[in-house]
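See structure below.
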Amino acid sequence: MKTYLFVFLFVFSFFSSCSKNDDKNSGDNNEHEIPIDIEKPAEATKPIQMWIDAHANFSRFANKENITSYMEKMKETGFNEVYVDVKPGIGYALYESDILPQLTKWDNETVDRDWDYLAFWIEEAERLDMKVIASLSVMGYGYTKTKEGLIYDDDRWKGKTQVEMPDNNPDNLVDMRDQTNVDAAMLNPSLPEVQSFIISIIEEIVTKYPELKGICLDYCRWYGGNYGFSDATIDAFEAYSGLAVTNKNDIITSSGGIGPLYSQWIEFRSMTITNLITNIRSKVKLINPGMELHLWASAHWNSRYSVGQNWASKDYKPAGSSIYTGTYSKTGFADQIDVFSLGAYAEYVWKSENPNSEWSVENFVTTYSNYTMGDCHVYGSIGTYAYGNKAPAVSDAVYLCLKNTEGLMVFEISHVINNNQWNAIKEGIERVYK
């Protein structure tokens, strides 16, 4: 038997070598072949998740029949979990809330339900042996395009949204609630009353829906690098750092450069978000120790300092850049979440397609552990809108995430439906498991 096995391996190795040489001789530089694995399980053992965006699917899931139909389609394709967006950036609820108004109108769409949206997703998931994670836009509480949402309904939130310093001009500060070109008007996370309010929303969901597998934090950040310049935020920064801000251009110069206080500023902003996540985790685990805490953020760690999202381990110490303080690593929050949904949203799938850039799915899903260092589970996530009806790209991206991380999240179902990506996703899953 050993002799036959030796001969088989020799022959297999010979022909494999010939095949690779033939590829090189033919000018084919595509080196990302599917590795052979004779011990792959027949069924998916990792979480395979679909994201259900509230706005994009507001009318689509206005009735139970569509939820049932698409849940069955997801199950057939290979999904075993769903992220259901239940508190989107408009600031209203898609669950039975005693705190937030129900979301019944968004822009020019109106949907009236006499049933519990989140509860029905959970019910159908249980029937199909699937799991539900409730996602929420942590900071978003207003739809700026039409001035709809919680912050526009209640004067309580005046002065508590994030403030931009456009053109790096301290004399030209603009409140997000007055803008029209942002995804959502986001509350200011440095305010204690904002953090308490956010935690109360999460506490309500965790308490009312114990059947959930977890809670996912989205938009848990500052909106952008030049947001957060209200007087209240500057006061909080001074209290944190012990430094005095005599001019906001000491943080970001008038020409957009790094001011003398910039390093301390980005540490403060990151610590603000990490403290919030830490407090959320404490509340979730106190109510239900088995409830998972998930968070989605862009996989490009090197740009996350600008929005205060240090998703790395506290043991990861960035080197070679003057923008970080010597204590920046303490703001890492990987140890405070159970699952990091690694946003590998890149136009290019393979590194060979974009060789001089970090921006490829392959690069993101093969380098994340340098940052997280095992402190949390990591599931690769892709934005399939980037690939349209290009089935090979969808399949490759699914394959890379599922092969190189502990799970997969696909964003999001409307893109999958509109571009008919079901078969490509299924193929990508099967490349790992069959």
Open item on the list: Cut-off under 21 Å on the C-alpha distance; same-chain residues fewer than 8 positions from K105 excluded. Which lysines are left, in chain and number order?
Closed with: K64, K87, K145, K147
Open item on the list: In 5 Å bins starting at zero, report the fraction of Cα pairs in segment 290-434 per bin as a rounded %.
Closed with: 2, 10, 19, 21, 18, 14, 9, 4, 2, 0
Task: Calculated FRET value between T207 and N389, using beta carbons and R₀ = 45 Å, to 0.05 - done: 0.60
Open item on the list: Please give me the summed charge of the neighbours of Q179: other residues whose Cβ is under 12 Å from its Cβ, Lys and Arg +1, Asp and Glu -1.
Closed with: -1
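What full-extension length gain, to one decimal in nm, is calculated for T180 and N247 as 0.36 nm per residue of separation minus the Cα-Cα distance?
21.4 nm
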- [ ] Search the structure for amide H atoms under 5 Å from the amide H of T161, placed 1.01 Å from N in the peptide plane, and list their residues when 5 or more places away or on another chain.
- [x] N188
TODO: Sum up the charges of everything whose Cβ sits under 13 Å from the Cβ of E96, counting Lys and Arg as +1 and Asp and Glu as -1, but leave E96 out.
DONE: -1
Open item on the list: Per residue, how big is the convex hull of the chain when only Cα atoms are used? Give it in Å³.
Closed with: 173 Å³
Task: Total lysine pairs under 25 Å (Cα atoms) in segment 187-291, excluding pairs fewer than 8 apart on one chain - done: 4
TODO: Starting from the Cα of N418, step 7 Å along the direction of its Cβ; do the same at S200; then give the gap between the two resulting points in nm.
DONE: 3.7 nm
- [ ] Give me the distance between the Cα centres of segment 248-288 and segment 54-76, rounded to whole Å.
- [x] 37 Å
Task: Nearest-ten-degree value, helix 192-208 long axis tilted from longest Cα axis of the chain - done: 50 degrees
Open item on the list: What does the net charge come to around G214 if you take all other residues with beta carbon closer than 10 Å to its beta carbon, with K and R at +1 and D and E at -1?
Closed with: -1
TODO: Rounded to the nearest 500, what is the 222 nm mean residue ellipticity of the chain from helices alone, with -39500 (n - 2.57) per DSSP H run of 4+ residues and division by all residues?
DONE: -11000 deg cm²/dmol
Open item on the list: With only alpha-carbon pairs counted, each pair once and no self-pairs, how large is the Kirkwood hydrodynamic radius of segment 73-113 in angstroms?
Closed with: 12.2 Å
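Since every read-out is calculated from the coordinates, none of them should be taken as a lab result. Nothing here was measured: the structure is a model prediction, and the numbers come from that model. Note that we place each Cβ from the backbone using ideal geometry, even for glycine, and neighbour counts take in every protein chain shown.
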